[in-house]
1. I'd like the full set of residues that are among the charged types (D, E, K, R), out of contact with any Phe, Trp or Tyr (no Cβ under 9 Å at 6 or more places or on another chain) and in a helix (DSSP H, G or I), limited to segment 341-360.
2. Among the residues of segment 38-56, write down those that are open to solvent by less than 10 Å² (accessible area, probe 1.4 Å) and of a type outside the set (Phe, Trp, Tyr).
3. Regarding segment 150-160, can at least one residue be identified that is crowded, with 20+ Cβ neighbours inside 10 Å, outside any strand (DSSP E or B) and aliphatic (A, V, I, L, M)?
4. Looking at segment 361-387, which of its residues are closer than 16 Å to residue 427 by Cα and not small (Gly, Ala, Ser)?
5. For segment 426-452: of the residues being of a type in the set (Asp, Glu) and in contact (Cβ under 8 Å) with a residue 60 or more places away in the chain, which is nearest to residue 385 (Cα to Cα)?
6. Would you check if there is a residue in segment 4-19 being within 30 Å of residue 289 (Cβ to Cβ) and not in a strand (DSSP E or B)?
7. Based on what the data block shows, is residue 319 open to solvent by 20 Å² or more (accessible area, probe 1.4 Å) and in contact with a Pro (Cβ under 9 Å, 6 or more places away or on another chain)?
Amino acid sequence: MSPTNKILVVIDLQNEFLTPDGRYPILQHCKDALFTTLTKLVPEFRNQGHIIWVKSIYNHLGDGADEDDTAEPPSNSARGSEWKDRDVYLAGTHKGKSPCCEEGSVNAQFHPTILELVNGSDTQMTKTNYSAFNNTSLLSMLRSHSATNVYFCGLLSNTCVLATLIDAVQLPGFNIHVVSDCLGWRKEKSHLRALERMKDMGVNVADSNEILADNPVNAKLTRPELYYVNGSIPSWRVQIALSEKGVEVSQVRLKVMTHPKPTRLPAFLALNPRGKTPVFIDTDDERTTVNESLAILGYLEMYYGEKALLPPLDQRKYRARILSLIQETENLHNTYDALEDAFFNAQITDTMSNFTSNIRPALLKDLDRELVFWENYAMQSSGYIGGGDDFTLADCAFYPILGYMLRRGFEFNARWPGLGRYYSRVWARDSAKLSQPEGWFGKGNTDIFHGS
């Protein structure tokens, strides 16, 4: 996917808001202006950038206020704490007494006029909260297109558009714009106050003529980006190396337990066709992208060498040892993965009894044989896994595997005293604590080694 830099994000142009049968129709003159402006904008953005069409699907939760009955945004003299209350509301989802954009309903579909504007080269996505960034892959889509100028339009200006902008302005590396004559609303007072809020947040509020006449200078990434999965061994390896080297990076967390998986969406597959994390994007003009954790470790050492994590070139034997160990960690990684994959497969197929009696014992023997190598390496060293006092890329590659296994039920019993000392030694480092996966405290709920 080639960089596009300019993205138009169009929010919620659905029948629910744009037809007489919809429960929350916008004003007719507002609707007419929106269609006219969008018809003008779409061809220009398609030629110069990319278009993302966002659709809302809400569950009917009830016990809440309908869209038109919500509290007005505060006036100029009542900003501050009242805005905070409004922000809390906008961070959520529709809870009105009346359903809105129900899945499978006609009202949830794009308006026929909008369908005529949508092109196969555009991107379509669904959100379930007011903000288009909340539990969606919108951020990864923007980054995959190398977007630096992002333009928002659609409806409603004081709810979904504003909620999306509140999140957008907190993201590094983007210039945020809103197309003021391509917005929809139900109460003009609420709309005007929403525009004031957008300006206060630093959003560039401009009409379509200004935007089409303007050609903003593309902002350059000020720091690298890392797409990662929390608790993933490959992602963890890179995070600990970045911490050791003191590299400031924008981290984009992908939640692979959601559906659809963000790593399987076209926007992410454009970064890594294998659909795997981590992905490292550098700040150079070509936005160099590096996949595979061990490859990223080598790239960081080559281009971010202020703090070296490999022995110097003149220490050839020691350097070769560390390079070999980095690759050797994949033996342990793969042996453990075989155990974990079999465990979860047994859960899914309801064959846990056979797994615990026949499959796991053999896999544990394989893992035991592999761990003997690493126990010997640890026992031969009073320092780190490479045999010296220097923390190296071999530790970045190895330590997360050990940490992950502990999370899944592995124990440092009498068989593994060297590994136990090694783990404590690394944990004493700031980089280990800073890179620890979010929410990981002690053993997890799943015990691969003993559980069923």
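1. Answer for segment 341-360, where residues must be among the charged types (D, E, K, R), out of contact with any Phe, Trp or Tyr (no Cβ under 9 Å at 6 or more places or on another chain) and in a helix (DSSP H, G or I): just 341.
2. Once the filter is applied, which keeps residues that are open to solvent by less than 10 Å² (accessible area, probe 1.4 Å) and of a type outside the set (Phe, Trp, Tyr), segment 38-56 yields 38, 41, 42, 51, 52, 54, 56.
3. yes
4. Result: 384, 385.
5. 430
6. There is at least one residue in segment 4-19 that is within 30 Å of residue 289 (Cβ to Cβ) and not in a strand (DSSP E or B).
7. yes
Results for (1) modelled with pLDDT of 95 or more; (2) within 25 Å of the chain's Cα centre (by Cα); (3) of a type outside the set (S, T, N, Q), shown as yes or no for each residue.
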site: 285; (1), (2), (3): no, yes, yes
site: 289; (1), (2), (3): no, yes, no
site: 295; (1), (2), (3): yes, yes, yes
site: 298; (1), (2), (3): yes, yes, yes
site: 306; (1), (2), (3): no, no, yes
site: 310; (1), (2), (3): yes, no, yes
site: 314; (1), (2), (3): yes, no, yes
site: 319; (1), (2), (3): yes, no, yes
site: 327; (1), (2), (3): yes, no, no
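The values are calculated or read from the model by the stated rules, or taken from the named source; none is laboratory data. Treat the numbers as computed from the prediction; the structure is a model and nothing was measured. Note that each Cβ is placed from the backbone with ideal geometry, even for glycine, and that neighbours are counted across all protein chains shown. These area figures cover heavy atoms from the full protein model, side chains too; ligands, DNA and RNA do not enter into them. Shrake-Rupley method; radii C 1.70, N 1.55, O 1.52, S 1.80 Å.
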